[in-house]
Every structure is written in structure tokens, then in C-alpha cells.
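Below is one structure, written out as C-alpha cells; the observations come after it.
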Amino acid sequence: MKKLVTALLLFCAYAFAEAPSTVAIRNARIVTVSGPVIAKGTVIVRHGLIEAVGENVPVPADAWVVDGEGMTVYPGLIDSLSTVGMPGIAVTAAAATGGRGGGRGQATPATTAAATATVERARGPEDRPSTTSWVIAADELLSADRRIETVRGGGVTTAVTFPTRGIFAGQGSIIDLLSGEKAGEMVLVPSVGQYISLSRGGGGGGGGGGFPSALMGTISYIRQIYLDAAHYQLVKDAYAKDPRGMTRPEYDRALEGVIESKRILLPANRLVEIDRMLRFAAELKQSTILYGARESYRPEAAELLKKSGTPVLVSIRWPEAPRDANPEDVDSFRTLETRDKAASAPSVLQKAGVKYALYFDGLDQPRDIQRAVKKAIDAGLSREDALRALTLTPAQIYGVADRLGSIEKGKIANLIVTNGELFDDRTKIQMIFVDGKKYMPAADTTTGGRGPATDDPGANQ
Amino acid sequence: MIKMKSLLALLPAVIAIAPLGAETFVIRNATVMTVSKGTFKGSVVVKDGKIADVGEKVLEPAGATIIDGNGQYLIPGIIDCHSHIAADGGINEGSVSVSSMVDIRDVINPEDIAIYRALAGGVTTANILHGSANPIGGCTLPLKMRWGKDAQSMIFEGATPGIKFALGENPKRAGNPQGGRGGTTPVQARYPATRMGVEDTIREAFNEAKAYKAEWDGYNAKVAHGEHPIPPRKDLKLEPLKEVLEGKRFVHAHCYRADEILMLLRVADDYGFKIRTLQHVLEGYKVAKEIAAHGAGASTFSDWWSYKVEAFDAIPFNAAIMTKKGVVVSLNSDDAELMRHLNSEAGKAMKYGGMSETEALAMVTLNPAKQLGIDNRVGSIEVGKDADLVLYDKFPLSDYAKVQKVLIDGTVYFDRDKEVTGRPAKAAEKQKLIDKEKQNQQQPGRGGRGGRAGQGGQAQ
């Protein structure tokens with residue numbers, strides 16, 4: 001039987017993504033996430049879906065058989081906040097005013113130059129600065145992005161990927177990480193929500209960049225946008241009802257994009273920011289997901305999140321001491337404590353009963369992902385909860401748990417097959433199924449991330 | 001038995017519900033400087049967060065915690081009318097000349113250590129202002145220094161909000177293509193670049209605000225008549241200016257020179273609103289009568305000048321002269337460090353201009369309270385006012401005086417003994433974290449180090 005696996009592995013070494021229509025993984029340990037672990041069972045994959053899973057499932061005659069002896073099958077991981085498949089810089093020149101937003105390491109020199117060339121700086125909210133709310137990730141998707149393969153090698157089969165630039169960066173899409181397919185085939189849900197950033201990226205205060213330059217400016221801008229959107233809707237509805245004698249409302253794509261977004265993602269790392277953004281979300285009356293959550297290890301933060309019922313995406317890019325720091329400098333107690341305790345955030349949130357998912361925040365090397373998740377496990381998170389926060393919970397947060405996130409009959413066949421416990425050092429991912437298509441893990445390559453969810457407070461802390 | 005159990009279960013709940021300031025205190029036998037009702041040796045009773053009794057002899061409630069004030073001085077909590085602490089993400093929205101859409105309320109950082117340090121300097125309330133880069137800056141509000149509470153709990157509940165204006169060098173420099181703060185990157189010129197332009201910017205903003213107010217008044221009138229028109233667009237830039245016109249928001253105007261002070265008073269008269277306070281107002285002594293006639297307060301520095309051209313004509317007698325001309329004068333910090341010794345700043349008013357102890361102390365307590373419209377709650381030691389109190393070991397207008405205890409709403413927020421005795425434990429806790437990190441760094445194969453994860457959200 002071992003021979004069969006070896007043969008299969010060899011075969012896959014040159015056939016990149018082989019797509020037999022039916023696959024049976026048998027005699028494997030199956031971690032379904034939604035139900036109990038099956039110590040020894042079979043998963044049948046047909047036409048990209050899970051046809052059957054269980055202890056005594058007959059193997060169809062036409063199936064390619066994978067002997068899972070000594071193997072474990074998990075649902076594919078979901079990166080709940082990603083930039084995979086997104087072009088380095090998003091859309092129009094107007095969007096790039098002030099060169100703000102994250103996307104560290106992604107902007108090519110050419111596009112950066114284009115962004116700073118002859119852009120009029122925004123003079124107020126009416127100029128809709130740093131806004132491309134109408135952009136949908138699925139429409140911009142680069143199926144040739146090399147990061148797709150890299151990330152998939154770490155067991156990620158699905159990414160919720162968002163445009164990267166600006167305050168209202170655009171709408172994220174849930175994509176399956178296929179290679180060599182048309183972009184459209186990768187898309188599970190074209191629009192899941194609006195990515196909002198508060199980071200200052202470029203701009204700066206007192207002169208250079210356009211509006212807004214300070215955090216309070218950005219917050220006031222977002223507030224104005226939602227006031228404008230409500231008013232826009234009101235006027236549009238009135239006009240649709242009876243246009244006679246009424247001035248035509250001006251088409252505003254920024255507001256259109258905001259209105260069609262069914263939820264928003266707001267950044268919050270520190271406790272103060274979590275408190276601030278939860279209040280802001282309540283004021284805006286928008287369905288909200290917080291992201292970042294670095295200080296959610298603090299019980300006060302977990303309590304706030306629990307009370308509000310807001311789901312949160314926790315970055316597993318745990319903070320570390322800067323490598324080139326002046327050895328004379330001593331960080332503040334809070335900074336030291338945060339570095340010490342950040343990785344305990346998932347277990348704190350788990351105990352508090354908060355709905356949370358983990359996201360990789362630019363970590364894409366399988367080894368780094370493994371270490372980062374392991375750090376959370378070492379800090380008190382159970383393996384089961386870690387896995388759930390990377391599979392079923394993000395699927396629930398984005399409303400796609402009916403098709404993703406666990407090994408259940410009828411769900412999409414996104415699976416990973418390992419030779420041991422998923423987040424252990426010595427464990428290797430053997431094969432990955434996305435939409436039932438089998439892939440092998442790729443060699444390590446480097447890619448960039450999105451950058452921190454919020455700016456550090458600097459000397460103010 | 002079951003009844004007993006449920007009663008016992010209720011007990012902690014009842015305790016939890018009781019407000020934190022509910023502890024009853026008697027501060028006994030201190031020199032009480034009430035500011036409004038003289039100075040005497042006596043006691044103060046604090047109950048339910050308020051001052052319940054003040055006098056040479058007071059009735060001490062049973063079970064009260066006694067604070068022995070013998071040989072010490074009790075003053076009302078210090079109020080700083082001009083501070084920039086406790087705000088996240090930049091104090092200036094310097095990209096536009098009129099930034100009234102921004103609000104300090106949105107960016108309060110209750111974990112800013114400057115709050116605790118101000119508290120240790122006897123400050124219990126501070127007016128947190130937007131910076132001075134713009135002729136019309138952002139919305140502002142007073143905070144109580146309730147260290148340890150969340151952002152919204154810091155806000156001085158019920159206080160009239162304010163808005164920052166700025167005249168002179170700062171707003172016109174921000175518009176200068178050569179100057180500004182853009183560093184090496186080319187800075188696009190921003191109007192205004194002159195004092196004339198500053199005046200014009202303010203006038204234009206109020207022209208807009210008046211039209212905006214008329215639009216809303218028209219709409220409200222129609223609604224009152226039972227009509228259902230589409231409401232006008234709510235404009236966050238013009239809302240605060242409309243509130244200024246309606247007297248619902250105070251104007252705190254950064255200014256230096258006499259000519260621009262008069263300019264602003266005239267602009268306010270033209271548009272029918274009041275300047276609540278002139279901030280810095282270093283040449284206020286030249287136009288004190290006009291300031292008093294307008295009814296504006298003046299919040300100035302004790303003796304800080306010549307740090308820029310428009311500050312050359314400043315004199316340390318400014319506060320005293322304006323006071324004698326009938327202006328309500330306060331001394332402010334504008335600075336997290338200066339904020340920690342406003343008591344000795346007030347003392348300087350005695351040296352320069354011969355203010356009495358009470359007059360000097362009022363400049364950092366009752367007068368700023370009046371300027372912020374919160375003197376019904378704070379600023380003096382009177383029955384019924386908030387128990388915001390500071391206990392000093394020595395005469396509080398002296399450099400040698402040290403704050404011993406600070407109460408806000410009847411709760412002790414700073415206690416010197418606890419602070420000093422608590423330091424070794426805090427230092428040890430910190431050292432433990434430092435050692436732990438060092439130890440982890442020496443271990444090979446530390447999480448993420450081998451990969452590219454090292455930038456972990458730091459140093460962007």
C-alpha cells in the first residue's frame with residue numbers, strides 16, 4: 001500500500017495539479033471539525049465535492065485510491081484576511097492620493113511613481129480620498145499570483161482576499177486557491193464586505209498629503225461617508241419614485257460601493273482601539289468584523305468583544321522585539337507584556353466565548369504558519385480550537401459554513417492530508433485538495449504581507 | 001435556607017453596583033484652600049463622589065475613611081484649559097484649513113501615561129484641544145483624569161464641547177510651500193499663507209455655516225408644519241460651526257498678537273457668536289479691556305515667551321494685568337511636562353503682578369472651570385461640587401509642594417505612598433518580562449524568527 005502512495009507522490013512531482021474526477025482517501029484518520037474525529041475512515045471526493053465521509057464508506061470502482069494509512073485528513077485552512085491574488089496596487093490614481101494604506105512590499109516602483117505624480121490632494125471628504133469602495137477583489141484577481149501556490153503549501157485552500165490600498169480599499173472575495181484556472185473559477189463569493197483601514201501609510205500631518213492626515217480625520221471621513229450614503233439612498237429612492245420636478249441625484253460610485261457592502265472590516269489592535277472601533281461600528285450601524293486584535297489577550301478586550309458579539313480576526317503575526325533595536329532602549333511595560341502574551345489571545349478569546357478566527361497576516365511560508373499557530377497552542381489554545389479558528393469559524397463569520405470549513409458530505413472538497421498532527425514541527429503536508437483538485441506543497445518562496453492593522457501609537461503610549 | 005443562599009448570592013452584586021466613588025472620606029484638619037470661600041484650617045467630608053461638608057468643624061459620618069490632613073494643604077483639583085495629551089494618531093488634521101469635522105472624542109487614549117503624570121501633578125480635569133495648524137481646527141472636550149477607566153468614561157459628562165481656532169504663525173505656516181512639516185517631500189501650498197488669509201478662511205467658513213444653518217432651519221420649519229421634505233445633507237464640517245452660531249459649542253482660539261485678537265473678536269461680533277477663551281493670548285495685556293468687553297476668557301502662560309516672533313512682546317505680568325482689567329484668566333500648560341506643575345505656574349502670578357494666593361490658585365482651578373462652563377461642578381471646594389481634591393504636603397503654590405493624594409469624584413486616583421511603595425514590585429515585574437524575552441531570544445528555533453515574520457507590526 002505504501003508503494004501506491006509513493007507512486008502517487010512521484011506522479012504528482014511532475015503532474016502539477018492532477019484532477020481525477022473521483023478520489024477516495026481510505027484508512028486515514030479524519031478530523032472533520034464539525035463532528036467527532038474518525039480514527040480510521042474514508043473520504044470520497046467527486047466533482048470537487050465531498051461525496052461521502054465515514055468509517056465504512058465503500059470505495060467507488062472509478063476512484064483514484066489514496067491509502068491514508070498513517071495519514072490525517074483535515075479540512076483546508078481558510079486565511080480569513082488575505083491579499084493573495086490581489087495586484088500590487090489597486091485601481092485609480094485618485095485612489096492613491098497620499099499613498100496611504102498597507103500592502104507593504106507589494107507596490108512596484110513604477111506604480112508608486114505613478115501614484116505620487118500629478119494627483120490633486122484631497123481637500124475634504126467630498127473628494128472621497130483613498131476610496132475605491134466599488135472595487136471587488138474577484139474582479140481584480142490575478143490567478144497567476146505566485147503566492148497562491150506558496151500559501152497553499154501551508155495548507156491554505158481558501159482565502160478571503162481584499163484589495164489593499166486606501167481607507168475604503170474595496171470589497172473582499174472568498175476564493176479557492178486553484179492554479180492554472182480562470183480567475184472566475186476560483187471565486188466562491190465575490191463580495192463579503194468592505195475593507196477599511198485607518199493606518200496613515202503616507203500623507204503625514206500638517207501640510208504634505210491631502211485629507212485626511214490624522215486618525216481623527218480618517219474617522220470623521222468614514223463617519224461622513226456613512227451619513228452621505230444614507231442621504232444618497234434617501235434621495236435616490238425619492239427620485240426613483242417620482243423623478244418629475246426633482247433634480248437628478250449625482251451618481252457617486254464611492255457611496256455605491258459602500259452601500260453594496262454587506263459588512264465592514266475595521267482594524268483594532270490595542271484595547272483602546274478595540275473599544276473605539278466597537279463603539280464606532282455601533283454608531284455606523286454596520287455589521288462589523290474587527291481585525292488585528294493584538295491586545296485581545298487582555299481580559300478587558302475579550303469581555304468587550306464578547307459583550308458586543310462582534311467577530312474578530314486575530315493576526316498570528318505575533319509581535320516580536322525589533323531586531324535592530326538600540327540595546328539601550330527599554331520598551332514600555334505594555335509593549336513587553338504584549339510581546340509576551342500576544343499569542344495567548346486565541347485561548348483568552350476562546351474561554352471568553354468570543355467568535356474569532358485566525359489570519360496569517362502575510363505569513364505564508366508553511367513553516368512560519370506552523371510555528372505561529374503552535375505558539376498559540378503552547379499559550380493555552382487546544383489543537384481542536386486552533387483548527388476550528390482556521391476552518392469552520394471563519395466560514396461561519398463570512399456566512400459560508402454551508403459549503404466550507406469542515407469535512408461533511410456535500411461540502412466543497414477542500415482538504416489537506418498530513419503525516420501527523422497538523423501544527424507539529426515534524427509534520428509535513430503531503431497533499432492538498434482544492435475543489436477536489438490535488439496539489440502538492442510547493443517549495444518555499446517569499447512574498448509580502450499587508451502590514452500592521454493599525455499604526456503604533458509611538459511616543460504617546 | 002434557600003432564601004439565605006440567594007441573599008448571599010445577591011450580596012456581591014449589590015456591592016458591584018455601588019459606584020466606585022461611594023466611599024465616604026473625611027479629610028481632617030488640613031489647610032483648606034476653597035478658592036471661592038477663603039482658606040482655613042478644617043475638614044472636608046466626601047460622600048457619594050461629592051463634597052458633603054466643608055468647615056472648621058464638620059460632622060464626621062460613621063464608618064468614613066479618615067485621611068489625616070494635619071500640616072497639609074487641600075485644594076480643588078487643578079484644571080488645565082489647554083492640553084494635548086491622551087489623543088491617538090496625531091493632534092492636527094493639518095491637511096485642510098478648516099478641520100471642524102474632526103473630534104478629539106474619537107481618538108481619546110485613556111492609556112496615555114501623560115494622564116497619570118498629570119494626575120500626579122494634581123490635575124483632575126483637562127481641556128483636550130486639537131493642534132493649531134488650522135484657522136479652524138477640530139472639536140474638543142474636557143476630560144477628567146480618571147486613570148484606569150475607558151475612553152468614554154474620561155469625558156467630563158455634560159460639559160459643553162468646544163472647537164479650536166488658531167490665528168497667526170501656525171496656521172499660515174502650515175500653508176507655506178517652503179515651510180510646513182512636509183520635510184523633504186514637496187509640499188503643496190495650502191491657503192491661507194497670511195494673517196489676512198486666516199481671517200478670510202474663518203469668515204468664509206462661517207458664511208458657509210450660516211447658509212447651512214438656514215437650510216436646516218428651513219427644513220425644520222417645514223417638518224414642524226407637518227410636511228415631509230427630504231432633509232439636507234448632514235455636513236460634519238459645518239455642524240460644529242452651526243453649533244457655535246447657536247451658542248452650543250465654545251470657541252477656544254489660539255492667538256498671540258493684539259491685532260489678531262481684535263480681528264477675531266470683530267469677526268465673532270459680525271457673525272453673532274462669542275469667543276469663549278483666547279488661548280496663549282500673550283499680547284492680551286495690550287487689549288485686556290476689549291477682551292473683557294467681549295466676555296472672552298484668557299488662558300495664558302505664566303512666563304514663557306520669545307520662542308517665536310509673535311511671542312516676542314509677551315510679559316509675565318500678562319495674567320495679572322488682564323485679571324485687573326476684568327478678564328477671567330487661567331494659566332495653561334499646552335504641554336505634558338508643564339502640566340505636572342501648574343501649581344507653581346500659578347504661584348508665579350503672585351510674583352509677577354501681585355496676585356493674592358486665592359487669585360493665583362483660581363487661575364488653575366476656578367477660573368479655567370468658569371472658562372469651560374463647568375464651575376457648577378468643579379473649580380472650588382464647596383458643598384455639592386464634585387469631590388475633585390488634591391492634598392499637598394506643603395503650601396501648594398510652592399515649587400517644593402508634592403501632591404500626596406488626588407481624588408476625582410470622591411475616588412482616590414493617585415496616592416503618593418502607594419505609588420512610591422509600589423515601584424519596586426512594578427520594576428521587578430518588568431524586569432521579569434525583559435529577562436524572559438532575552439532568554440527566549442537565546443533559544444534557537446524561536447517562533448517565526450527563522451522565517452520572515454520578524455517585522456511583527458513594529459516600526460512602520
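The values are calculated or read from the model by the stated rules, or taken from the named source; none is laboratory data. Keep in mind it's a predicted model, so treat the numbers as computed, not measured. Here Cβ is always computed from backbone atoms with ideal geometry, including for glycine, and neighbour counts include all displayed protein chains. Surface accessibility is based on the protein's heavy atoms, side chains included, excluding ligands, DNA and RNA. Shrake-Rupley method; radii C 1.70, N 1.55, O 1.52, S 1.80 Å.
Remarks
- Scanning the range A:239-259 for residues that are small (Gly, Ala, Ser) and either under 23 Å from A:Gly399 (Cβ atoms) or part of a loop (DSSP other than H, G, I, E, B) (or both) yields A:Gly245, A:Gly257.
- A:Ala376 vs. criteria touching a Phe, Trp or Tyr at 6+ places or on another chain (Cβ under 7 Å), of a type in the set (Gly, Ala, Ser), crowded, with 24+ Cβ neighbours inside 10 Å and within 19 Å of A:Gly292 (Cα to Cα): no
- Test for A:Asp340: is it open to solvent by 10 Å² or more (accessible area, probe 1.4 Å), within 30 Å of B:Ala427 (Cβ to Cβ), within 9 Å of chain B (Cβ to nearest Cβ) and in a helix (DSSP H, G or I): yes
- Among the candidates B:Asp409, B:Asp417, residue that is at positive phi and either more than 14 Å from every other protein chain (Cβ to nearest Cβ) or not β-branched (Val, Ile, Thr) (or both): B:Asp409
- Note on the range A:347-438: enclosed helices (runs of 4 or more DSSP H) holding 3 or more residues that are without any contact (Cβ under 8 Å) to a residue 60 or more places away in the chain are A:366-378, A:383-388.
- Residue match in the range A:175-185 (condition: of a type outside the set (D, E, K, R) and under 14 Å from the mean Cα position of the chain (by Cα)): yes
- Number of positions in the range A:242-264 that are of a type in the set (S, T, N, Q), out of contact with any strand residue (DSSP E or B) (no Cβ under 7 Å at 6 or more places or on another chain) and under 30 Å from A:Ile289 (Cα atoms): 0
- Among the candidates B:Met350, B:Met363, residue that is over 21 Å from the mean Cα position of the chain (by Cα) and on the phi < 0 side of the Ramachandran plot: B:Met350
- The range B:394-404, residues that are open to solvent by 30 Å² or more (accessible area, probe 1.4 Å) and under 11 Å from B:Ile75 (Cα atoms): B:Phe395
- Of all the residues in the range A:357-373, those that are touching a Ser or Thr at 6+ places or on another chain (Cβ under 8 Å), more than 9 Å from chain B (Cβ to nearest Cβ) and open to solvent by 10 Å² or more (accessible area, probe 1.4 Å) number 1.
- Neighbours by Cβ (under 9 Å, 6+ apart or cross-chain): first from the range B:197-222, closer than 11 Å to B:Ser97 by Cα and touching a residue at least 24 places away in the same chain (Cβ under 8 Å); second in a helix (DSSP H, G or I) and basic (Lys, Arg): B:Gly197/B:Lys172; B:Val198/B:Lys172
- Within the range B:70-84, tally of residues that are more than 14 Å from chain A (Cβ to nearest Cβ), of a type in the set (Gly, Ala, Ser) and buried (at least 24 other Cβ atoms within 10 Å of the Cβ): 1
- Qualifying residue in the range A:328-337 (condition: under 20 Å from the mean Cα position of the chain (by Cα), at pLDDT 95 or above and of a type in the set (A, V, I, L, M, F, W, C)): no
- Scanning the range A:265-284 for residues that are free of Cβ contacts under 8 Å to residues at least 60 places away in the same chain and away from chain B (no Cβ under 11 Å) returns A:Ala281, A:Ala282.
- Consider the range B:366-376 and keep the residues that are in contact (Cβ under 8 Å) with a residue 40 or more places away in the chain and on the phi < 0 side of the Ramachandran plot. The one that is surrounded by the fewest Cβ atoms within 10 Å (Cβ to Cβ) is B:Lys370.
- When the range B:85-94 is filtered for residues that are touching a Gly at 6+ places or on another chain (Cβ under 7 Å) and open to solvent by 10 Å² or more (accessible area, probe 1.4 Å), the ones remaining, listed by number, are B:Gly90, B:Ile91, B:Asn92.
- With respect to the conditions (1) over 20 Å from A:Phe162 (Cα atoms); (2) open to solvent by less than 10 Å² (accessible area, probe 1.4 Å); (3) more than 14 Å from every other protein chain (Cβ to nearest Cβ), A:Arg403 falls short on a single one, namely (2).
- So A:Pro319, is it within 14 Å of chain B (Cβ to nearest Cβ), open to solvent by 40 Å² or more (accessible area, probe 1.4 Å) and free of Cβ contacts under 8 Å to residues at least 60 places away in the same chain: no
- Options B:Glu227, B:Glu215; residue that is farther than 19 Å from B:Ala298 by Cβ, within 14 Å of chain A (Cβ to nearest Cβ) and either touching a Cys at 6+ places or on another chain (Cβ under 7 Å) or part of a helix (DSSP H, G or I) (or both): B:Glu215
- Any hit, the range B:236-246, residues being among the acidic types (Asp, Glu), closer than 22 Å to B:Ser83 by Cα and open to solvent by less than 50 Å² (accessible area, probe 1.4 Å): no
- Selected residue [more than 10 Å from chain B (Cβ to nearest Cβ) and assigned to a loop (DSSP other than H, G, I, E, B)] from A:Lys236, A:Lys262: A:Lys262
- Meets criteria (crowded, with 24+ Cβ neighbours inside 10 Å and either modelled with pLDDT of 95 or more or more than 10 Å from chain B (Cβ to nearest Cβ) (or both)) for A:Val187: no
- Scope the range B:31-60; condition part of a loop (DSSP other than H, G, I, E, B) and open to solvent by 20 Å² or more (accessible area, probe 1.4 Å); matching residues: B:Ser36, B:Lys37, B:Gly38, B:Asp48, B:Glu56, B:Lys57, B:Val58, B:Leu59, B:Glu60
- Looking across the range B:85-109 at every residue that is of a type in the set (Val, Ile, Thr) and in contact with a strand residue (DSSP E or B) (Cβ under 6 Å, 6 or more places away or on another chain), the one that is farthest from the other protein chains (Cβ to nearest Cβ) is identified as B:Val98.
Yes/no per residue for (1) part of a helix (DSSP H, G or I); (2) modelled with pLDDT of 95 or more; (3) open to solvent by less than 60 Å² (accessible area, probe 1.4 Å):
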| residue | (1), (2), (3) |
| --- | --- |
| B:Asp303 | no, no, yes |
| B:Glu310 | yes, yes, yes |
| B:Ser333 | no, yes, yes |
| B:Ala346 | yes, yes, yes |
| B:Gly354 | no, no, yes |
| B:Thr358 | yes, yes, yes |
| B:Val383 | no, yes, no |
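- For the range A:285-294, the criterion of being more than 24 Å from A:Ile136 (Cα to Cα), facing another protein chain (nearest Cβ under 8 Å) and either touching a His at 6+ places or on another chain (Cβ under 7 Å) or not in a helix (DSSP H, G or I) (or both) is met by at least one residue.
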